[in-house]
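Data first, discussion second: the structure below is written as structure tokens.
Bear in mind these aren't lab numbers, they're just calculated from the coordinates by the rules spelled out. For clarity, every value in this text was computed on a predicted model and none was experimentally measured. When we count neighbours, we look across all protein chains shown, and the Cβ atoms used for this are built from the backbone with ideal geometry, even at glycine.
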Amino acid sequence: MNKKLRALVGATIVNAIVIATSPQAALGTTISLLGLQDFSDGHTPVFASEMNVAGADEPFPFDGTLFGSDNLDDSLGSFTYTHTFDLGGETPTDAELTIGLIDHDSFPTQFPYDTINFFFDGVKQPDSLFKGISGWPSSASVVTVPVATELIMDGELIVHFAAQQPGPSNDGNGIAADFSRLEIQTIPEPTTLVMFAVGGFVVMRKTFLRS
């Protein structure tokens, strides 16, 4: 092996190591979207009839269905849905879920009640971001929360939202879902990155031998 070819091999090996140890250089994004965003954050009021029209042709539970009731009875609404996705063998490094939640009745001034519980794969999540953000008498709240990467390794995330208490002067708490967006940051497995580098070496070697 002459000096030029040895130098080429050495450079390729160094390049493979750099790629494999620098995941930021190959960062990718996987997005799972359920429903369409029909209401902006803070949109108020949101009427049931408006939800039905906006959610037409969207998948359940993002089709305008209201779960539970504020005043007709004392029912507390809840709904469940599942994000499914294919990471293509890549490793998730970070994930977040953005939910459009309608009418959970936690108002910012006198009544910042803890009205919502939510769960990922049956694991209860911190819900402080949902306190005190509703508009009177009803509104849409667009909230982004982190998702632990260990919960998405299997290619799905089961999401459950449930009202745990009524809003002020209500008998129950009806809630609805506008949309849900799961965004996952990923990097290829180190072996995949090395194979890319080796493939690059093969191409470079053929070019070298022809010259």
| 5 angstrom amide H check on Val147, placed H, neighbours 5+ away | Ala95, Glu96, Leu97
| Ordered by residue, what ³J(HN,Hα) values in Hz, to whole numbers, does region 109-126 give under the Karplus form 6.51 cos²θ - 1.76 cosθ + 1.60, where θ = phi - 60° and Gly and Pro are x? | 9, 8, 10, x, 5, 8, 9, 10, 10, 9, 9, 10, 6, x, 9, 5, 10, x
| What is the distance, in nm, between label points placed 7 Å from the Cα along the Cα-to-Cβ direction at Leu72 and at Ile31? | 3.6 nm
| remark: Lys and Arg at +1, Asp and Glu at -1: neighbours of Asp114 with Cβ under 14 Å from its Cβ sum to 0
| note | Taking only C-alpha positions in region 137-185, Rg and Dmax in angstrom work out to 14.5, 43
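Multiplying the sequence separation of Glu183 and Gln165 by 0.36 nm and subtracting their Cα-Cα distance, what value in nm do you get? Write down the numbers at each step before the final one.
Numbers: separation 18, 0.36 × 18 = 6.48 nm, distance 2.97 nm.
Here the answer is 3.5 nm.
With viscosity set to 1.306 mPa s and temperature to 10 °C, compute the Stokes-Einstein D of region 34-142, Rh being the Kirkwood radius across alpha carbon pairs; µm²/s, no decimals. Spell out each step's value before the answer.
Values: Rh = 15.4 Å.
Result for D is 103 µm²/s.
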